[in-house]
Amino acid sequence: MPRKLRVEFPGAIYHIMSRGDRREDIFGDDVDRQDFLKTLAEACQKTGFQVHAYCLMSNHFHLVVETPEANLVAGMRWLLSTYTIRLNHRDKLFGHVFSGRYKALLVEGSGGGYLKTVCDYVHLNPVRAKLLGREERLLGYPWSSLGWYLAAAEHRPHWIRVDRLLGEHGIGADTAAGRAEFERRMEARRQQEMGEAEWEPVRRGWCLGSEAFRKEMLERMEGQLRESHAGELRRESAEVRAERIVAEESGRLGWNEAQLRERRKSDPAKLALAARLRRETTLTVGWIASRLHLGTRKSAAVNLHRWGNGKQKVEPDQDKTVV
């Protein structure tokens, strides 16, 4: 299957989900769940992970993790392998427990509500799975971090971080009143309509954040994507690189976007820019033709071929007046 690149940097936040091999249970009973949380606590101690939310289901788990030390891969490798060894030893089993690669959705933590979205998704997972009755509080599901949000700070594990999520809910202080307000908001959120489309960016995407954050993440990936990585990711990364090249060349030639659009389709400087995009990115002639206003894909390909054969020299904008 196509892979998504693991982007690591200090302070990165991820929504992580991992399923059991063949979708089989990874938690047979409460002893297994307690052992997983114990192992997670050890992983946090070793790596500095800060957990904003978690939820343990029968055959998968969700985590929202912040990595101050840019060490997601090493930390998750230790967590998953250690839990597997312990589970197999305790139940006298062998082989894989988890199915393939875990999913890791990059989440913007700027305070724009993206952290709230993924944490709400995790804390409401038991509701979507119909594990709670209508009259039961969310607190009634004991295997999520929501209960720790309602506990006083002195009773909370040190690796659970609550301040950022409370802040995105508009709750300024970790007090009894603030915690009660958080529960009220979550119970109200539970009653809202939660269609599949609402959660699609969390389930299917590789990044949850603003357009600026998305571009920053793509720039971090530049030069690291391979054929094994998802085609959508490679295309988006190439587009970010292409836009940077267009801006660089337009600046050199003294063009703004309107001037780029208005210049003729066979303009040598325009075709030189198109040739550079072909040379330095994996984008198609069709994409380049559309971006540089070169007409149809076919006419752009013909003009590029003629330009290349003619070895035309590209000069700066001849329409500029020299004083």
**Prompt:** Is it true that some residue in segment 179-190 is over 22 Å from residue 13 (Cβ atoms), at pLDDT 95 or above and in contact with a His (Cβ under 9 Å, 6 or more places away or on another chain)?
**Reply:** yes
**Message:** Taking the criterion of being farther than 17 Å from residue 56 by Cβ and among the aromatic types (Phe, Trp, Tyr), would at least one residue in segment 167-183 satisfy it?
**Reply:** yes
**Item:** Test: residue 87 is within 17 Å of residue 22 (Cα to Cα) and in contact with a Leu (Cβ under 9 Å, 6 or more places away or on another chain)
**Value:** yes
**Item:** Condition check for residue 19: modelled with pLDDT under 95 and either surrounded by 20 or more Cβ atoms within 10 Å (Cβ to Cβ) or not assigned by TED's automatic domain parsing to the domain that holds residue 163 (or both)
**Value:** no
**Request:** Out of 82, 47, report the one residue that is of a type in the set (Ser, Thr, Tyr), in contact with a helix residue (DSSP H, G or I) (Cβ under 9 Å, 6 or more places away or on another chain) and surrounded by fewer than 20 Cβ atoms within 10 Å (Cβ to Cβ).
**Result:** 82
**Complete:** Within segment 158-202, the residues that are part of a loop (DSSP other than H, G, I, E, B) and surrounded by 14 or more Cβ atoms within 10 Å (Cβ to Cβ) are 159, 161, 162, 169, 171, 174, 194
**Message:** So, residue 225, is that one modelled with pLDDT under 80 and either of a type outside the set (Phe, Trp, Tyr) or in a loop (DSSP other than H, G, I, E, B) (or both) or not?
**Reply:** yes
**Request:** Consider residue 150 carefully, then state whether it is within 22 Å of residue 51 (Cα to Cα), surrounded by 17 or more Cβ atoms within 10 Å (Cβ to Cβ) and in contact (Cβ under 8 Å) with a residue 60 or more places away in the chain.
**Result:** no
**Request:** Consider residue 289 carefully, then state whether it is modelled with pLDDT of 90 or more, under 25 Å from residue 219 (Cβ atoms) and in a helix (DSSP H, G or I).
**Result:** yes
**Asked** In segment 51-74, which residues are surrounded by fewer than 20 Cβ atoms within 10 Å (Cβ to Cβ) and closer than 14 Å to residue 11 by Cβ?
**Response** 68, 69, 70, 71
**Asked** In this structure, does residue 257 turn out to be out of contact with any strand residue (DSSP E or B) (no Cβ under 7 Å at 6 or more places or on another chain), modelled with pLDDT of 80 or more, under 30 Å from residue 13 (Cβ atoms) and not hydrophobic (A, V, I, L, M, F, W, C)?
**Response** no
**Request:** Sort out which residues of segment 121-157 are part of a helix (DSSP H, G or I) and in contact with a Pro (Cβ under 8 Å, 6 or more places away or on another chain), and write them in order of number.
**Result:** 138, 148
**Request:** Kindly provide the set of residues from segment 271-308 that are among the small types (Gly, Ala, Ser), surrounded by 15 or more Cβ atoms within 10 Å (Cβ to Cβ) and farther than 21 Å from residue 259 by Cβ, ordered by number.
**Result:** 301
**Request:** Restricting attention to segment 203-222, report how many residues are outside the structural domain of residue 109 (by TED's automatic domain parsing) and basic (Lys, Arg).
**Result:** 3
**Prompt:** What number of residues in segment 85-97 are hydrophobic (A, V, I, L, M, F, W, C) and either modelled with pLDDT of 90 or more or buried (at least 18 other Cβ atoms within 10 Å of the Cβ) (or both)?
**Reply:** 3
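Residue 131 - would you say it is over 27 Å from the mean Cα position of the chain (by Cα) and under 24 Å from residue 21 (Cα atoms)?
When the stated conditions are applied, residue 131 passes them.
The values are calculated or read from the model by the stated rules, or taken from the named source; none is laboratory data. Keep in mind it's a predicted model, so treat the numbers as computed, not measured. Neighbour counts run over all protein chains shown; Cβ positions are idealised from the backbone, glycine included.
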